[in-house]
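Visitor: Sharing a structure, written as C-alpha cells. Questions coming.
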Amino acid sequence: MATQEINNRILEFPAQPETGSEEEVAEWIEAFDQVIEDEGPSRGCHLMEALIEHARASGVEVPLQLNTPYVNTIPVEEEVPYPGDRQIERRLKSLTRWNAMAMVHRQNKKDPGIGGHISTYSSLATLLEVGFNHFFHARYGDQPGDFIYFQGHASPGVYARAYLLGRITEEQVQNFRHELRDLPALSSYPHPWLMPDFWRFPTVSMGLGPLNSIYQARFMRYLENRGIIPRTPRKVWAFVGDGETDEPESMGSLWLGSREKLDNLIFVVNCNLQRLDGPVRGNGNVIQELEAAFHGAGWNVIKVMWGSDWDRLFARDRSGLLVKRLGEVVDGEYQTYKVKGGEYIRREFFGKYPELLEMVSDLSDDELHRLTRGGHDPQKVYNAYKRAVEHEGSPTVILAHTVKGYGLGSAEARNATHQEKKLADQALIAFRSRFEIPIPETAAKEGSLYRPPDDSPEIVYARKRREELGGFLLIREVPPPSFQAPPLTEFADSMAGSKGRTVSTTMGFVSMLRQLMKDPKIGKLIVPIIPDEGRTFGMESIIRQVGIYASQGQLYKPHDLDMLLYYREAKDGQILEEGITEAGAMASFTAAGTAYANYKVPMIPFFTYYSMFGFQRIGDMVWAFADSRGKGFMMGGTAGRTTLAGEGLQHQDGHSLVLSSTVPTCHSYDPAYVYEIAVIVQDGIRRMYQELEDRFYYITIYNEDYAMPEIPSGCEEGILRGIYRYKSTPEDKAVVQLFGSGPILNEALRAQSILAEKYGVQADVWSVTSYNELRRDALAIERWNRLHPSQPEKRPYILTALDGDEGPIVAATDYMKVVPDQLAPWLHGRLITLGTDGFGRSDNREHLRRHFEVNAESIAAAALSRLARDGKFDAQRAQEALEELGVDSEKIDPAIA
Ligand SMILES: Cc1ncc(C[n+]2csc(CCOP(=O)(O)OP(=O)(O)O)c2C)c(N)n1
Ligand SMILES: [Mg+2]
C-alpha cells in the first residue's frame, strides 16, 4: 500500500463516524479519490483547501491539523535510488563508528574520568555520513561551503572521519581530551578557540546551535541582499538533539526562519527519543510534538521514521492498522522495544492486533528487532536531504527517528547509554563483529584505532566524494589582513567636545556611528544591531540614513513618511532591528562578528542594547561568541545603576562590568566622555580587523547629558590602558586621589571642588576607563615577576600612572564596588571604593546617588573620613562634615536595602 494511501486511510481512525454515516463518508472519499486520479494531487489539495475555507466561513469548526501519521513523509514511490556505493559507504561508516568509540574508550581506560560520549554519534552516524558523502559542500567559488552545526556530543565521530581521511593525525586522536601535554590534541567538543582551523561553531551548550544557525542563515541573506557577498546555494545545516529542543533557545526563534523564507537552512533533529537521564517524552511522542511545532511555525517538515525494511510491511497493511498501531505507541515503549528485543516487540507491539501478528509471522524475532529506524537508513536519509536542499520558500526540518547507542549491544537504547564511556571486552568483540572491523581480537579488546591504507577502496572512495564536493569540510580559513582601520583624525567630531552643549555618551556614540557608516571604505561593513531599543538610544537618524534590513523591502507606507526621520525599511537596509530578543540579537552579533572568517568579509557589528539585559541574560551566548573568536562592539546602553533614573530594580545595571570581566577575550570600558569612546573604538577596529587580534569590546554608554570636553592632549594611551589624570589640583600637591568612571566622574569633579572650597583638602581627579584592563595588566606583570625572581621587578601600569601621587584613593563608580576593588592588591590599603551594590530603586539621579553613596558629597565625605583615620584631618571635624554634606551616618546600607 502506498504511503500516500496510508496517510489518507489513517484519517479514518481518530474520528469515530456517527452511526449510519459510513456510507456517506465512503461516497465522499470515493469522489475525492476520483479527482486525484483524474487531475492529480495538487487538484485534490486545492479542493480540500476550498472545502475547509468554505466550512469555516459557514461557521463549522474545522480542527487545525498539524500532525501527519507516524510514518515517513516521503512515500516510497516518490523516492529516488541512492546514488552512492552503499556497501563502501557502510564500511566507511562502520570504521568511523569504531574509531569514534575506540577514541573515547581508550582515553577512559588510560585516564579514568576524562569523559567523552559514544552514544550520541552512534545514533547520528548515518545522518552525518550521507551528508559528508553527498551533500556538504566545502566551497562555493571564493566563498566557504555549507555551514554545519554539529551536535557537540557527537564530536568523536566527526574526528574519527577526519582521521580516516587524513585530515587529523593518529597522534591527535590518541590525545583526544588531552590538550595540555604539548602534543597535538583534540578538544572535547567543537571549540574554534581551541581548534581554530577546524571548528567554526561551538554547539555543545544545548540550544545555542539551533538559535545561532537560524540567525546565521538570516545573516547570509543579509550579506547577499546588501551585495556584500554573491548569492550561493550554500546551506546552513544544524544537527540538533531531540532533548536539546527542550531549551527555549532551540525553539524560540523558529518563526524568523519562515518569516524570512530561509530555504538556506536545514535542521536535522536526531530523534533518538532519549536525552541524558532517560526518554525525552516517555509518555508521548517527541517527533509528533516537534512536527506540530515546526509546522505551526511555518517550516517544511520531513519525517524520516522507518527504514526500507518496513516498506514491505506497509505494503501488506491494507487496512492501515499498522500505521494506526505505530501512532499509538509512546516513546518510552519504543525505547523498551529496542532494549528488550524481537520476542517482546512481537508480543507487545504486533500482538495487540491479531492481523498485525499475522503480518509478521514470517519474520524471526531477530528480524523484528533489527527493523530499522529511518535515521539509520541511507536511502531514506538521502531522499529527505535531497528534498530539503531542493525545497524553496521556507526552512526545512528533518525529524529523523534513530536509536541512541545504536550498535553498542547491551548499552543500546538504555537510559544510562549517554554516560557510557567504556565497553567491556565482550562488547568490544561484538562491536567488531557486527561492524566487521578487520582487526584481531586482542586489538579489539584494547580498543585499537583502525585506519585502512590510503589506497584502500574505502579511503579512495571517501576522498573522491569529498573532492567532488570541494574538499575537506572541516577547514576554517581566515584570510590574511588587508584591512586599513580609519585613523583617529576621522573621529575629529567626537574628539572636539560638544562646545558647551549637553549631550550623553550614547548620543555621542550614535553620531560617531553615523559618521563611520559614511566612511567610503568601511562604512558598508558596519552592522548596527538593536533589539527594539533604537529610540531609547536616539538612533532614529541612523534608521533614516541606512535603513532597517527587511528582506522583502517595505510593503507599506509608514505613517511618518512625511517626516525627516521616518521608519525606513529596505531590502538593502543596514540595521538589524531584531525586535525584543536579546538572544536573537546576540545570535546576529555572533554571525556578524565571525563573518571575517566565515564569509571572508570583515563585518564590524555594533550591538547596542539595554545593558541590564545583556551579559546576565545571554551570558552563555557571549561565552560561545568568545569561543568563536568573535569580533565587534557590545554597547551597553542606559548603563549605570544610578544614571538610569526612574526605571528601578529590574532595569538598573550595576554589574554588567563584573560579568563582562569574566570573558577572556572581552575588553571592557566604562567611558565618561565621547572622546574616550572614539579612542577606544578606533583602536578596537585597528586591533581586531587590521591586526587580526582575537578580541571584542564591551563599552558602557549612558543617558545623562552633560558638556563633553575636548580631548586633552596625550591621554590616548591612558584611555586605552584604563586610567589617566583628568584634572589636577590647581594649587598644592594633592593629598587625596579621586577616581571616577562614566558619569560618576562628574561627581568626583564636584567632590574635588567641595573638598578644596569647604575643607581645604586638595585632590586630583582621574578618569578610570577600565579597571578590568588595569587588573589584567597588573596580573600579567605580577605573574611575570613571580616567574622571574632573579630579574628586576616590573611595575603594573596602575602604579606607573600613579607614580609620585600620594594619599588615599577614593574610587567611585556607577557599578558594584568589586569593579574598582579589582585593583586593591596593588594599591596597598589606599583604596576606598564607593559603588552601587544592592537593588536599584525608581527615583531620580540625585536621590539614587545619595542612596547608593556615590554622589559628590559621599565622595568628599569618604575622603575626609579616611584622612581622619590616617590622622591627617581632625576626626571630629570630619564627623561634622558628613552632617554638613547630608551624608547620613546611620542610614541603612544600600547593599542590603
Ligand atoms: C545548556 C546545557 N545544559 C545541559 C547540558 C548537559 N547535557 C549534555 S548532553 C545532554 C543530553 C542531550 O540529549 P539530546 O539533545 O537528546 O542529544 P543526544 O545525545 O540524545 O543525541 C545534556 C543535558 C548541556 N550540554 N548544555
Ligand atoms: Mg536525544
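The values are calculated or read from the model by the stated rules, or taken from the named source; none is laboratory data. Treat the numbers as computed from the prediction; the structure is a model and nothing was measured. We place every Cβ from the backbone using ideal geometry, glycine too, and count neighbours over all the protein chains shown. Just the protein is used for accessible areas: all its heavy atoms, side chains included, with ligands, DNA and RNA removed. Shrake-Rupley method; radii C 1.70, N 1.55, O 1.52, S 1.80 Å.
Visitor: Give the residue, chosen from Gly115, Gly141, Gly145, that is farther than 18 Å from Ala413 by Cβ, away from ligand 1 (no atom under 16 Å from the Cβ) and touching a Ser or Thr at 6+ places or on another chain (Cβ under 8 Å). Please lay out each step first, then the result.
Guide: Details: Gly115 fails: away from ligand 1 (no atom under 16 Å from the Cβ); Gly145 fails: touching a Ser or Thr at 6+ places or on another chain (Cβ under 8 Å).
The unique qualifying residue is Gly141.
Visitor: Same structure again: Output the residue which, of all residues in segment 533-562 that are open to solvent by less than 30 Å² (accessible area, probe 1.4 Å) and in a helix (DSSP H, G or I), is farthest from Asn225 (Cα to Cα).
Guide: Per the stated criteria, the residue is Ser541.
Visitor: With (1) more than 16 Å from ligand 2 (Cβ to nearest atom); (2) crowded, with 17+ Cβ neighbours inside 10 Å as the list, and Phe239 as the residue in question, which single condition is left unmet?
Guide: If we test Phe239 against (1) more than 16 Å from ligand 2 (Cβ to nearest atom); (2) crowded, with 17+ Cβ neighbours inside 10 Å, just (1) comes out false.
Visitor: For segment 147-171, give me each residue that is in a loop (DSSP other than H, G, I, E, B) and small (Gly, Ala, Ser).
Guide: Initially, segment 147-171 is screened for residues in a loop (DSSP other than H, G, I, E, B), giving 150-151, 165-169.
The answer is Gly166, and nothing else.
Visitor: Also: Please list, ordered by first then second residue, the pairs with beta carbon atoms under 6 Å, 6 or more apart or interchain, first in segment 198-215 and closer than 17 Å to Pro395 by Cβ, second away from ligand 1 (no atom under 13 Å from the Cβ) and assigned to a loop (DSSP other than H, G, I, E, B).
Guide: Close Cβ pairs satisfying both conditions: Leu211/Ser253; Ile214/Ser253.
Visitor: Here's something else I'd like to know. Considering only segment 451-471, how many residues are buried (at least 17 other Cβ atoms within 10 Å of the Cβ) and not in a helix (DSSP H, G or I)? Even if it seems obvious, please write down each step before you answer.
Guide: Of the residues in segment 451-471, the ones buried (at least 17 other Cβ atoms within 10 Å of the Cβ) are 451, 458-459, 461-462, 465-466, 469.
The next check asks that each one be not in a helix (DSSP H, G or I); those that pass are 451, 469.
The qualifying residues number 2.
Visitor: Given the structure, is Arg866 in a loop (DSSP other than H, G, I, E, B), open to solvent by 40 Å² or more (accessible area, probe 1.4 Å) and in contact (Cβ under 8 Å) with a residue 40 or more places away in the chain? Explain how you work it out, then say what you get.
Guide: Working: in a loop (DSSP other than H, G, I, E, B): no; open to solvent by 40 Å² or more (accessible area, probe 1.4 Å): yes; in contact (Cβ under 8 Å) with a residue 40 or more places away in the chain: yes.
Considered against the rule, which asks whether it is in a loop (DSSP other than H, G, I, E, B), open to solvent by 40 Å² or more (accessible area, probe 1.4 Å) and in contact (Cβ under 8 Å) with a residue 40 or more places away in the chain, Arg866 comes out as no.
Visitor: Out of all the residues in segment 662-698, which are in contact with a His (Cβ under 9 Å, 6 or more places away or on another chain) and open to solvent by less than 10 Å² (accessible area, probe 1.4 Å)?
Guide: Those that are in contact with a His (Cβ under 9 Å, 6 or more places away or on another chain) and open to solvent by less than 10 Å² (accessible area, probe 1.4 Å): Ile680, Gly684, Phe696, Tyr697, Tyr698.
Visitor: Within segment 115-140, work out how many residues are assigned to a loop (DSSP other than H, G, I, E, B) and away from ligand 2 (no atom under 14 Å from the Cβ).
Guide: The first filter runs over segment 115-140 and keeps only residues assigned to a loop (DSSP other than H, G, I, E, B), leaving 115-118, 135-138.
With away from ligand 2 (no atom under 14 Å from the Cβ) added as a condition, the list becomes 115-116, 135-138.
The qualifying residues number 6.
Visitor: Identify the single condition in (1) closer than 20 Å to Arg387 by Cα; (2) within 14 Å of ligand 1 (Cβ to nearest atom) that Ser213 does not satisfy, given that it satisfies every other one.
Guide: (2)
A quick yes/no check of all residues on (1) buried (at least 21 other Cβ atoms within 10 Å of the Cβ); (2) in a loop (DSSP other than H, G, I, E, B); (3) at pLDDT below 95; (4) in contact with a strand residue (DSSP E or B) (Cβ under 8 Å, 6 or more places away or on another chain):
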position: Glu782; (1), (2), (3), (4): no, no, no, no
position: Arg786; (1), (2), (3), (4): no, no, no, no
position: Pro789; (1), (2), (3), (4): no, yes, no, no
position: Ile798; (1), (2), (3), (4): yes, no, no, yes
position: Asp805; (1), (2), (3), (4): no, yes, yes, yes
position: Asp814; (1), (2), (3), (4): yes, yes, no, no
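Visitor: Also: Could you check Tyr70 against (1) hydroxyl-bearing (Ser, Thr, Tyr); (2) in contact with a Leu (Cβ under 6 Å, 6 or more places away or on another chain); (3) free of Cβ contacts under 8 Å to residues at least 12 places away in the same chain and say which number it fails?
Guide: Every listed condition holds for Tyr70 apart from (3).
Visitor: Sticking with this structure for a sec: For segment 121-137, state whether one or more residues are in contact with a Pro (Cβ under 9 Å, 6 or more places away or on another chain), within 13 Å of ligand 1 (Cβ to nearest atom), modelled with pLDDT of 95 or more and of a type in the set (A, V, I, L, M, F, W, C).
Guide: No; the residues of segment 121-137 include none that is in contact with a Pro (Cβ under 9 Å, 6 or more places away or on another chain), within 13 Å of ligand 1 (Cβ to nearest atom), modelled with pLDDT of 95 or more and of a type in the set (A, V, I, L, M, F, W, C).
Visitor: Hey, another quick one. On the basis of being more than 14 Å from ligand 1 (Cβ to nearest atom) and in contact with a helix residue (DSSP H, G or I) (Cβ under 7 Å, 6 or more places away or on another chain), does Phe219 make the cut?
Guide: yes
Visitor: Against the condition within 16 Å of ligand 1 (Cβ to nearest atom) and either of a type in the set (D, E, K, R) or farther than 16 Å from Asn598 by Cα (or both), how does Asp263 come out, does it pass? Walk me through it before giving the result.
Guide: Details: within 16 Å of ligand 1 (Cβ to nearest atom): no; either of a type in the set (D, E, K, R) or farther than 16 Å from Asn598 by Cα (or both): yes.
No.
Visitor: Return the residues of segment 759-780 that are open to solvent by less than 30 Å² (accessible area, probe 1.4 Å) and part of a loop (DSSP other than H, G, I, E, B); say none if nothing qualifies.
Guide: Selection gives Val761, Gln762, Thr769, Ser770.
Visitor: Which one of these is touching a residue at least 60 places away in the same chain (Cβ under 8 Å) and either closer than 21 Å to Glu249 by Cβ or crowded, with 24+ Cβ neighbours inside 10 Å (or both): Met635, Met612? Explain how you work it out, then say what you get.
Guide: Details: Met612 fails: touching a residue at least 60 places away in the same chain (Cβ under 8 Å).
None of the other options fit; the residue is Met635.
Visitor: Within 22 Å of Val304 (Cα to Cα) and either in contact with a Phe, Trp or Tyr (Cβ under 9 Å, 6 or more places away or on another chain) or open to solvent by 10 Å² or more (accessible area, probe 1.4 Å) (or both): is that true of Gln172 in this structure? Before the answer, list the steps.
Guide: Values: within 22 Å of Val304 (Cα to Cα): no; either in contact with a Phe, Trp or Tyr (Cβ under 9 Å, 6 or more places away or on another chain) or open to solvent by 10 Å² or more (accessible area, probe 1.4 Å) (or both): yes.
Here the answer is no, as Gln172 does not meet what is asked.
Visitor: Only one of (1) at pLDDT 95 or above; (2) assigned to a loop (DSSP other than H, G, I, E, B); (3) more than 16 Å from ligand 2 (Cβ to nearest atom) is not met by Asp182, so which one is it?
Guide: (1)
Visitor: May I pose another question? Considering only residues that are open to solvent by 10 Å² or more (accessible area, probe 1.4 Å) and within 16 Å of ligand 2 (Cβ to nearest atom), look in segment 151-169 and name the one that is farthest from the chain's Cα centre (by Cα).
Guide: Selected residue: His153.
Visitor: Of all residues in segment 472-518, how many are of a type in the set (Gly, Ala, Ser) and under 30 Å from Gly145 (Cα atoms)? Give the derivation first.
Guide: Here is the first cut: in segment 472-518, the residues of a type in the set (Gly, Ala, Ser) are 482, 485, 492, 494, 496-498, 500, 504, 508, 511.
Filter once more, so that each one left must be under 30 Å from Gly145 (Cα atoms): 482, 485.
So the count comes out to 2.
Visitor: Next up: Which residues, taken from segment 130-148, are touching a helix residue (DSSP H, G or I) at 6+ places or on another chain (Cβ under 6 Å) and either among the aliphatic types (A, V, I, L, M) or open to solvent by 10 Å² or more (accessible area, probe 1.4 Å) (or both)?
Guide: Val130, Phe135
Visitor: Which of (1) open to solvent by less than 20 Å² (accessible area, probe 1.4 Å); (2) over 23 Å from the mean Cα position of the chain (by Cα); (3) charged (D, E, K, R); (4) more than 18 Å from Gly375 (Cα to Cα) does Arg218 not meet, given it meets every other one?
Guide: Here Arg218 meets the rest and fails (2).
Visitor: Okay, next question. Considering only residues that are outside any loop (DSSP other than H, G, I, E, B), within 16 Å of ligand 2 (Cβ to nearest atom) and of a type in the set (S, T, N, Q), look in segment 374-427 and name the one that is surrounded by the fewest Cβ atoms within 10 Å (Cβ to Cβ). Quick ask: steps written out before the conclusion?
Guide: Pass one, segment 374-427, residues outside any loop (DSSP other than H, G, I, E, B): 374-376, 378-390, 396-401, 409-411, 415-419, 425-427.
Next, only the ones that are within 16 Å of ligand 2 (Cβ to nearest atom) stay: 374-376, 397-401, 411, 415-419.
When the remaining residues are screened for being of a type in the set (S, T, N, Q), the result is 415, 417, 419.
Details: Asn415: 17, Thr417: 25, Gln419: 14.
The qualifying residue surrounded by the fewest Cβ atoms within 10 Å (Cβ to Cβ) is Gln419.
Visitor: A further question on this structure: Which residues, counting only those in segment 170-213, are within 15 Å of the chain's Cα centre (by Cα) and among the aliphatic types (A, V, I, L, M)?
Guide: Looking only at segment 170-213, we keep the residues that are within 15 Å of the chain's Cα centre (by Cα), and these are 189-193, 199-213.
Hits for segment 170-213 are Val204, Met206, Leu208, Leu211.
Visitor: Which ones in segment 242-270 are outside any loop (DSSP other than H, G, I, E, B) and within 16 Å of ligand 2 (Cβ to nearest atom)? Can you show your working first?
Guide: Narrowing segment 242-270 to residues outside any loop (DSSP other than H, G, I, E, B): 243-246, 248-251, 254-259, 265-270.
If the condition is that a residue be outside any loop (DSSP other than H, G, I, E, B) and within 16 Å of ligand 2 (Cβ to nearest atom), then Gly243, Glu244, Thr245, Asp246, Ser250, Met251, Phe267, Val268, Val269, Asn270 are the ones that fit.
Visitor: Examine segment 36-46 for a residue that is surrounded by fewer than 14 Cβ atoms within 10 Å (Cβ to Cβ) and in a loop (DSSP other than H, G, I, E, B), and state whether such a residue exists.
Guide: Let us first name the residues in segment 36-46 that are surrounded by fewer than 14 Cβ atoms within 10 Å (Cβ to Cβ), namely 37-43, 45-46.
Remaining after also requiring in a loop (DSSP other than H, G, I, E, B): 40.
For segment 36-46, residues surrounded by fewer than 14 Cβ atoms within 10 Å (Cβ to Cβ) and in a loop (DSSP other than H, G, I, E, B): present.
Visitor: What about Ile52, is it among the aliphatic types (A, V, I, L, M) and in a helix (DSSP H, G or I)? It would help to see each step written out before you state the result.
Guide: Numbers: among the aliphatic types (A, V, I, L, M): yes; in a helix (DSSP H, G or I): yes.
For Ile52, the condition - among the aliphatic types (A, V, I, L, M) and in a helix (DSSP H, G or I) - is met.
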